[in-house]
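Shown next, in structure tokens, is the structure this report addresses.
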Amino acid sequence: MNDDLREQIEREAEKHALINAVKHESDADVGAIMGPLMGENPEFREHGDEIPGVAGGVIAEINGLDHEERRERLGEIAPEELDELDSEDDEEEEILPELPNADEYDQIRMRVAPNPNGPWHLGHARMPAVIGTYKELYDGWFCVRFDDTDPETKRPDLDAYDEILDAIEYLGFEPDETYLASDRVETYYEHARELIEAGGAYTCSCSGEEFSNLKNSGEACPHRDKDAETTREEFEAMVDGEYESGEMVLRVRTDIEHKNPALRDFVAFRMIDTPHPREEAAEYRCWPMLDFQSGIDDHLLGITHIIRGIDLQDSAKRQRFVYDYFDWEYPEVIHWGHVQIDAYDVKMSTSTIKELIDDGDLDGWDDPRAPTLASVSRRGIRGEAVTDAMVELGTSTSNVDLAMSSVYANNRDLVDDGADRYFFVREGTEVALTGGGPDAAEPARHPDHEDRGTREIPVGGAVLVEPEDLPDREERVWLKGLGCVRYTRDAFQFTGDDIDAVRDEGVDVIHWAPADESVPVRMRTPEGDVEGAAEPEFADTDADEVVQFERIGFARVDRHDDEESVAYYAHP
């Protein structure tokens, strides 16, 4: 190998080693660069046995640089490669796929359309998390529209309206507008009248079973050929409440022989005898079906993009019939799969959670055992952590699994820096202290913030430790912040050992609490309540403060009562 070739190999090796190191933000490796090095330089192949040795010396120099120095050097010798790496990073940071045909709209307008039949479980968070993020990405607009036009089957809960808006705020978003469909019934009536005049709807008094049989056979019901005047008169009688529930419906005229029976002459309005719980809407008896109401609203509100479940594909197809009658352009639609969430024994269902609360099996929507937003909020998990985890799922049409561990990891990044440390001993075992150790321990409030100082934990004549931390006879443990003790004769005896016992001899470090001056604590967790004792200064924490119980995990301080303090466990 002559000197010119060696220099050429060194130049190419340096470039590829820098690309490898910068891309992975780690040291370069000879094996990792050999493929691209030889692929781009086939003339090197005859010297294949010698090249690793030449490249190794170059890589050793590069690995002596820090990340910014490597970036700077790559920018000097191969700026186009650095630009490409930065471009790849930008693509990786693209947290959601681009909205279809987004550049065809002056403003991206989306909607979150909840049914306010109860507070939200965790699965509900996905829609506002994604739509709110799209709004930020496109400088767009989104509204909350409560689809509350079913006062019977999915009866609205009057408290849920505000609870849902609070949940959206908790997730980090504020809607540009809020609408209630039950305030817009007259608007739906007006469009029904227009649809009738256009020949797109007829009144039908068939029983559900009768029409189902006809529909499934591809046969028209006997009312389908009614003239518009008769339909109009009967619809006005519906509006005036002259029919009872099940006696009359208004159907959209579609294709009675459509290959999908679900799309054949679907119901647009039906009669409901049960009054709406909102006083403002209690007089209505003729209510629109969701597909009609939602379709009308999406057009009138200028919605450009709709996200809905993959199981609701027929909704778009039904609504397109209505849009065709009105000569409207249908919004862009993104269908996605359902989200499944682990870590809970309770089914993620509003009706199931309601039933468990009513039966006394759950304390409420914020019970730590419930898979609800109220629950994770009370546990000290920030809405941003939930939002980020939901957004990371993307918009796949497949069902997706959300591991709560990803929410916990996000939240850990958010709360760790501000969470002071405390000792909390679960179901502690009392052990006497002998040997003349310190009167108090002074562990740091936070290992990364010396400026926060230390907390003082009086020792007394005995300490509490967790049963599983109790060592075997004559074994040593290190009481964190206090010192090394040997378990002998049913007592901990100070040994005088220094921290090298931990570093060099593998002595376990455990947390503890004083037996006499500790604070009784009940920690509420998704697995049930845990009783224990915390160090005295825990009583000085504020409600809503997030702390870290050392060796246990993060928790939100709920309250301090005369008999006990209560904390809600967040995660490890």
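Count Lys and Arg as plus one, Asp and Glu as minus one, and take only other residues whose Cβ is under 10 Å from that of Ala181; the net charge is then -3. Solvent-accessible surface of the chain, averaged per residue with a 1.4 angstrom probe and all protein chains in place: 48 square angstrom. Would the chain count as rounded, prolate or oblate if I go by the C-alpha gyration tensor, calling it rounded below 1.5 in a/c and otherwise prolate when a/b exceeds b/c, oblate otherwise? Taking the square roots of the gyration eigenvalues as a ≥ b ≥ c, the chain is oblate.
Which residue, Pro114, Ala78, Gly64, has the largest displacement toward the positive end of the dipole of the stretch 1-139 when charges sit on each Cβ (Lys, Arg +1; Asp, Glu -1)? Of the listed residues, the answer is Pro114. Look at where the Cα atoms of the stretch 431-458 and of the stretch 248-286 average out, and the two centres are 69 Å apart. Taking Cβ atoms as reference points and 12 Å as the exclusive limit, the residues near Gly132 contribute a net charge of -3, counting Lys and Arg as +1 and Asp and Glu as -1.
Computed extension gain for Glu537 through Leu301, at 0.36 nm per residue and net of the alpha carbon distance, reaches 79.5 nm. For Phe269, nonlocal amide neighbours, meaning residues 5 or more places apart or on other chains whose placed amide H falls under 5 Å from its own, are Leu250, Met289. Given +1 at the Cβ of Lys and Arg, -1 at the Cβ of Asp and Glu and no other charges, the dipole of the stretch 85-224 around its Cα centre is 1260 debye to the nearest 20.
Local charge for Glu474 was computed over the other residues whose Cβ lies under 15 Å away, with Lys and Arg +1 and Asp and Glu -1, and equals -2. The 3J(HN,Hα) values that the Karplus relation (6.51, -1.76, 1.60; θ = phi - 60°) gives for the stretch 492-500 are, in residue order, 9, 10, 4, 9, x, 5, 8, 5, 4 Hz. Gly and Pro appear as x.
Of the GluC sites (Glu not before Pro) found in the stretch 313-394, the ones in coil according to DSSP and having at most 16 other Cβ atoms within 10 Å of their Cβ are Glu329, Glu392.
Assigning unit charges at the beta carbon (Lys, Arg +1; Asp, Glu -1) and nothing else, what dipole magnitude in debye, to the nearest 20, does the stretch 280-423 show about its Cα centre? Its charge dipole is roughly 140 debye. Within the accessible surface of the chain, defined with a 1.4 Å probe on protein heavy atoms only, the carbon and sulfur portion equals 40 percent. The lysines whose alpha-carbon is closer than 30 Å to the alpha-carbon of Lys215, local same-chain residues fewer than 8 away aside, are Lys154, Lys226, Lys259, Lys317. Across the stretch 14-26, computed HN-Hα scalar couplings (Karplus, 6.51 cos²θ - 1.76 cosθ + 1.60, θ = phi - 60°) run 4, 4, 5, 5, 5, 4, 4, 5, 5, 4, 9, 6, 8 Hz from first to last residue, x flagging Gly and Pro.
Sparsely packed loop sites in the stretch 246-281 (the trypsin sites (Lys or Arg not before Pro) outside DSSP H, G, I, E and B with at most 14 other Cβ atoms within 10 Å) comprise Lys259.
Bridge orientation summary for the chain: considering DSSP beta bridges with both residues in this region, about 65 percent are antiparallel.
Computed 3J(HN,Hα) for the stretch 336-349, one whole-Hz value per residue from the Karplus formula 6.51 cos²θ - 1.76 cosθ + 1.60 where θ = phi - 60°, is 10, x, 6, 9, 10, 10, 8, 6, 10, 8, 8, 4, 7, 8, glycine and proline marked x.
The values are calculated or read from the model by the stated rules, or taken from the named source; none is laboratory data. If you're wondering where the values come from, they're calculated on a predicted model, not measured in any experiment. Cβ sites come from the backbone with ideal geometry, for glycine too, and all protein chains shown count toward neighbours. Accessible surface is based on the protein model in full, side chains and every heavy atom, while ligands, DNA and RNA are left aside. Shrake-Rupley method; radii C 1.70, N 1.55, O 1.52, S 1.80 Å.
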